[in-house]
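A short write-up of the structure that comes next.
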Amino acid sequence: MERMNPLDATFLAIEDTVNHMHIGSVVIFEGPPPRYEEVGRAIEAVLPLVPRYRQKVRVAPASIGRPLWVDDPHFRIDYHLRHAALPPSNDGDELRRLVGWVMSQQLDRHKPLWETWMIEGLPGDAWALLTKVHHCMVDGIAGTDLLSVLFDLSADGTPDRPVAEPWVPQPEPGAFTLARHSLGGIMTAPVARARWMAGLLTRPADTVGRLLKAARGLHDMGRLVRPAPVSRLTGPIGPHRRWDHTEVSLADVKAVRSGLGGTVNDVVLALVTRGIRELLLGWDEDVAGREVRTLVPVSVRDADARGVFDNRVSSIFALLPVGIADAAERLDEVRRQMEHLKVSGEIDAGNAVVALVDFAPPLLHALLARILVHRQHSVETVATNVPGPQFPLYVAGRKMIAAYPYVPLAGNIRVGVAIWSYLGTLYFGVTGDDDAGPDIHRVCAGIDDGMRELSKLAREKGPRMHGDACISSA
């Protein structure tokens, strides 16, 4: 039995019938597809490495403490591994529709909070695994680590994996045990907070510097108090999701970085900006001078936390310059803004807010989380970029050839973009609220057009030089 950390509990608290807080991906494999039973055995064999996948959420009576992870005594792999096939004549639309439908369904709170769908019938004899896992279990970086654990590192399987012992779940706790465990957490919390405060006091210079930086970040974040412009990007969302995808070459992105400056992440955000601009223009919205306020999650995961599957993220808030028509100027503005955000203290401010959450009683914590999500009217979209493995992964001897991410929507945000890299390609997944409009394909078209624009400009300009050295950024 284990208590959720405050950020994991927040993702659970804000979920309701329209805010579905699961993340996921559409992972494509070369064919021919294996038998369903082979995939089930491959996944079940590595479950001992990720105990959370056989645990469910329990809440103490009267919600007196944070939710708890407990073993599911009725766990069955065939409940979580589903099977589907696309019609022979599908052109990609059938897969996009299936992903939208699956992601529109809330995960069963009485079971471990994940599903994986094996999907056959993709063009070229390919097949896919559609993964779906609640955000309270993992963040993007942890999800990448998880793929490396669940999938094999070679077609022959991953060597030196421990042989799994038969799984024997711990008895499911009753109400009294849940309450006692939660009360124990409440009683020990003041001691942990005192230690945290003592740690701050023993490093006064470092603490003052961090506090000043966090204060500057909170001051900069004050711009988010202003309501966003009236737009179809924001508003009440429904329970239905639409999903689309595209990809660009990482080598092409690096060529743009070398030719026009900035970082890989700057180029990616410039492409997302081009995509959102295309969507707004398709809606006949005025983009002149327009900036779109965007939540950009940032990992604060230490190297020591690799392999720990939970949430360790902060956020910065970027203003995507969709009003700039010229591709090079758009990239310059994104780069200038991101350079400022890196030193502004917004990440430290976000960390401070997350740390303060731990001081709130659980009931107040859940209430505040819901209010913040449902009452915020300043953030217009989300763009999350997670680096993935640059080595091949396998399942049941089949090589993974592509992986398109899925990002959830919440509150008033109707469109979100996720980016994941794998084997030299950046994969974009775009989520839209289907009730707000079906045309999120415009975002993907804008990303494609933006990549062509920037590549052409980079070829014409050549690598940026400074003296005899070529300028490059991470």
* From the list Ala383, Ala349, which residue is under 24 Å from Thr234 (Cβ atoms) and either out of contact with any Lys or Arg (no Cβ under 9 Å at 6 or more places or on another chain) or modelled with pLDDT of 90 or more (or both)? -> Ala383
* Residue pairs meeting the criteria (Cβ under 7 Å; at least 6 apart or on separate chains; first more than 24 Å from Ser104 (Cβ to Cβ), in region 1-29; second among the small types (Gly, Ala, Ser) and assigned to a loop (DSSP other than H, G, I, E, B)) -> Arg3/Gly65; Phe29/Ala126
* Keeping to region 1-31, report how many residues are closer than 25 Å to Ile64 by Cβ and among the aliphatic types (A, V, I, L, M). => 8
* **Residue ID - modelled with the lowest pLDDT, chosen from residues in region 395-421 that are in contact with a helix residue (DSSP H, G or I) (Cβ under 9 Å, 6 or more places away or on another chain) and of a type outside the set (A, V, I, L, M, F, W, C)** => Gly411
* Do we find that Asp125 is out of contact with any Leu (no Cβ under 8 Å at 6 or more places or on another chain), modelled with pLDDT of 65 or more, among the acidic types (Asp, Glu) and farther than 25 Å from Arg82 by Cβ in this structure? -> no
* Asked: Going by the conditions given, is Trp69 under 21 Å from Pro405 (Cα atoms), open to solvent by less than 20 Å² (accessible area, probe 1.4 Å) and aromatic (Phe, Trp, Tyr)?
  -> no
* Just give me the residues in region 410-431 being closer than 16 Å to Thr381 by Cα and within 15 Å of the chain's Cα centre (by Cα), in sequence order. => Ala410, Ile413, Val415, Gly416, Val417, Ala418, Ile419, Phe428, Gly429, Val430, Thr431
* Structure fact -> Of the candidates Val46, Val70, the one satisfying the condition of being aliphatic (A, V, I, L, M) and either modelled with pLDDT of 90 or more or part of a strand (DSSP E or B) (or both) is Val70
* To do: Please give the number of the condition Ile119 fails out of (1) open to solvent by less than 60 Å² (accessible area, probe 1.4 Å); (2) modelled with pLDDT under 95.
  => (2)
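The values are calculated or read from the model by the stated rules, or taken from the named source; none is laboratory data. Keep in mind that what you see is a predicted model, and the values were worked out from it rather than measured. Counting neighbours? That spans all protein chains shown, and the Cβs are built from the backbone with ideal geometry, glycine included. Quick note on the areas: whole protein, heavy atoms, side chains included, nothing else; ligands and nucleic acids left out. Shrake-Rupley method; radii C 1.70, N 1.55, O 1.52, S 1.80 Å.
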